[in-house]
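A.B. asks: Structure incoming, see below.
The values are calculated or read from the model by the stated rules, or taken from the named source; none is laboratory data. Small disclaimer: the values here were computed from a predicted structure and weren't measured. Heads up, the Cβs are rebuilt from the backbone with ideal geometry, glycines too, and the neighbour counts pull from every protein chain shown. With ligands, DNA and RNA removed, areas are computed over all heavy atoms of the protein, side chains included. Shrake-Rupley method; radii C 1.70, N 1.55, O 1.52, S 1.80 Å.
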Amino acid sequence: MQTLNPTEGKDLVSPEDAALLLRRPVAKDLDFLSTYSPSADIARMAGYACTKDWAPELEGLRLLDRLKASPYGWLAEVNGRLVGHVRLSETETSQRRGRLVTGLFDDANLGRGYGRRAVALALDHLFQTEGFHRIDLRVLAYNRRAIRCYLACGFSFEGLEREVFNLEGVWHGDWIMSILEHEPRLMPHVADRLLA
């Protein structure tokens, strides 16, 4: 059985036009991350009731630490501008599996294909270079935008974990989704054509 051997510190560049870069975080990224506050829509998709619950310094440091802690954690840049992040939050190397976490930073980045491009590039690297067999994720059932992105990238719906998250007194479920190394997926060169 193949085991994983992370290529620590590897940046990933989109193969067609190099406009999209998934890069490892550096200390200077905290300048942006510690001042960033999401819109109400992005905060809700991330599970926050509203932006008043968001502490920029704490959340920025938390994200930077999580990205650095994973050998599979990247910030997404388009033409030199930070647009989001992609990482594996959990890995089980003996079983060649991991759990994907993604997010975009600004409403202006929504609907432009950046999330799909970043996920496609990360999946290609994780399957082709790093030797993963399975990547799964959890997404709040009301986050239809993210669900459409994951479906477009080739993820399959596995089930609904009911009432696992309470937001403003209302219980919500998580969709469980996965993709296996041999399954069809959106490839980076195709995804690059989505860049606006």
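A.B. asks: Which of the residues that make up segment 117-141 are among the basic types (Lys, Arg) and either in a strand (DSSP E or B) or surrounded by fewer than 19 Cβ atoms within 10 Å (Cβ to Cβ) (or both)?
C.D. replies: Residues of segment 117-141 that are among the basic types (Lys, Arg), as a first pass: 117, 134, 138.
Of everything in segment 117-141, those that are among the basic types (Lys, Arg) and either in a strand (DSSP E or B) or surrounded by fewer than 19 Cβ atoms within 10 Å (Cβ to Cβ) (or both) turn out to be 134, 138.
A.B. asks: Sticking with this structure for a sec: Part of a helix (DSSP H, G or I), touching a helix residue (DSSP H, G or I) at 6+ places or on another chain (Cβ under 9 Å), open to solvent by 60 Å² or more (accessible area, probe 1.4 Å) and touching a residue at least 40 places away in the same chain (Cβ under 8 Å): is that true of residue 112 in this structure?
C.D. replies: Numbers: part of a helix (DSSP H, G or I): no; touching a helix residue (DSSP H, G or I) at 6+ places or on another chain (Cβ under 9 Å): yes; open to solvent by 60 Å² or more (accessible area, probe 1.4 Å): yes; touching a residue at least 40 places away in the same chain (Cβ under 8 Å): yes.
Spelling it out, it is not the case that residue 112 is part of a helix (DSSP H, G or I), touching a helix residue (DSSP H, G or I) at 6+ places or on another chain (Cβ under 9 Å), open to solvent by 60 Å² or more (accessible area, probe 1.4 Å) and touching a residue at least 40 places away in the same chain (Cβ under 8 Å).
A.B. asks: Would you tally the residues in segment 45-103 being closer than 14 Å to residue 33 by Cβ, among the basic types (Lys, Arg) and touching a Ser or Thr at 6+ places or on another chain (Cβ under 6 Å)?
C.D. replies: So the answer is 1.
A.B. asks: Take the residues in segment 143-153 that are touching a residue at least 60 places away in the same chain (Cβ under 8 Å) and out of contact with any Ser or Thr (no Cβ under 8 Å at 6 or more places or on another chain); name whichever of them is surrounded by the most Cβ atoms within 10 Å (Cβ to Cβ).
C.D. replies: To start, the set of residues in segment 143-153 that are touching a residue at least 60 places away in the same chain (Cβ under 8 Å) comprises 143, 145-146.
Going one step further and asking which of them are out of contact with any Ser or Thr (no Cβ under 8 Å at 6 or more places or on another chain), we end up with 143, 145.
On the way: 143: 18, 145: 15.
Within segment 143-153, the match that is surrounded by the most Cβ atoms within 10 Å (Cβ to Cβ) is 143.
A.B. asks: Does residue 81 satisfy the condition of being surrounded by 19 or more Cβ atoms within 10 Å (Cβ to Cβ) and free of Cβ contacts under 8 Å to residues at least 24 places away in the same chain? It would help to see each step written out before you state the result.
C.D. replies: Working: surrounded by 19 or more Cβ atoms within 10 Å (Cβ to Cβ): no; free of Cβ contacts under 8 Å to residues at least 24 places away in the same chain: yes.
So residue 81 fails the test.
Let's see how each residue does on (1) out of contact with any helix residue (DSSP H, G or I) (no Cβ under 7 Å at 6 or more places or on another chain); (2) farther than 24 Å from residue 64 by Cβ; (3) hydrophobic (A, V, I, L, M, F, W, C):
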site: 90; (1), (2), (3): yes, no, no
site: 99; (1), (2), (3): yes, no, no
site: 105; (1), (2), (3): yes, no, yes
site: 117; (1), (2), (3): no, no, no
site: 122; (1), (2), (3): yes, no, yes
site: 137; (1), (2), (3): no, no, yes
site: 141; (1), (2), (3): yes, yes, yes
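A.B. asks: Does segment 49-71 contain any residue that is open to solvent by less than 30 Å² (accessible area, probe 1.4 Å), in contact with an Asp or Glu (Cβ under 8 Å, 6 or more places away or on another chain), hydrophobic (A, V, I, L, M, F, W, C) and in a strand (DSSP E or B)?
C.D. replies: no
A.B. asks: Name the single residue, out of those in segment 26-48 being in contact with a helix residue (DSSP H, G or I) (Cβ under 7 Å, 6 or more places away or on another chain) and of a type in the set (Asp, Glu), that is surrounded by the fewest Cβ atoms within 10 Å (Cβ to Cβ). Quick ask: steps written out before the conclusion?
C.D. replies: Of segment 26-48, the ones in contact with a helix residue (DSSP H, G or I) (Cβ under 7 Å, 6 or more places away or on another chain) are 29-30, 33-43, 45.
Those still in the list that are of a type in the set (Asp, Glu) too: 29, 41.
Details: 29: 19, 41: 12.
Per the criteria, the residue is 41.
A.B. asks: Confirm whether residue 176 is open to solvent by 20 Å² or more (accessible area, probe 1.4 Å), within 19 Å of the chain's Cα centre (by Cα), modelled with pLDDT of 95 or more and β-branched (Val, Ile, Thr). It would help to see each step written out before you state the result.
C.D. replies: Values: open to solvent by 20 Å² or more (accessible area, probe 1.4 Å): yes; within 19 Å of the chain's Cα centre (by Cα): yes; modelled with pLDDT of 95 or more: yes; β-branched (Val, Ile, Thr): yes.
Against the criterion (open to solvent by 20 Å² or more (accessible area, probe 1.4 Å), within 19 Å of the chain's Cα centre (by Cα), modelled with pLDDT of 95 or more and β-branched (Val, Ile, Thr)), residue 176 qualifies.
Quick grid of which residues meet (1) of a type in the set (S, T, N, Q); (2) farther than 30 Å from residue 40 by Cα; (3) in contact (Cβ under 8 Å) with a residue 24 or more places away in the chain; (4) touching a Lys or Arg at 6+ places or on another chain (Cβ under 9 Å):
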| position | (1), (2), (3), (4) |
| --- | --- |
| 95 | yes, yes, yes, yes |
| 98 | no, no, yes, yes |
| 103 | no, no, yes, no |
| 106 | no, no, yes, no |
| 125 | no, yes, yes, yes |
| 131 | no, yes, yes, yes |
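A.B. asks: Which of the residues spanning segment 154-180 are in contact (Cβ under 8 Å) with a residue 40 or more places away in the chain and in a strand (DSSP E or B)? Can you show your working first?
C.D. replies: At the first step, the residues of segment 154-180 found to be in contact (Cβ under 8 Å) with a residue 40 or more places away in the chain are 165, 167-168, 176-180.
165, 167, 176, 177, 178, 179, 180, listed by residue number.
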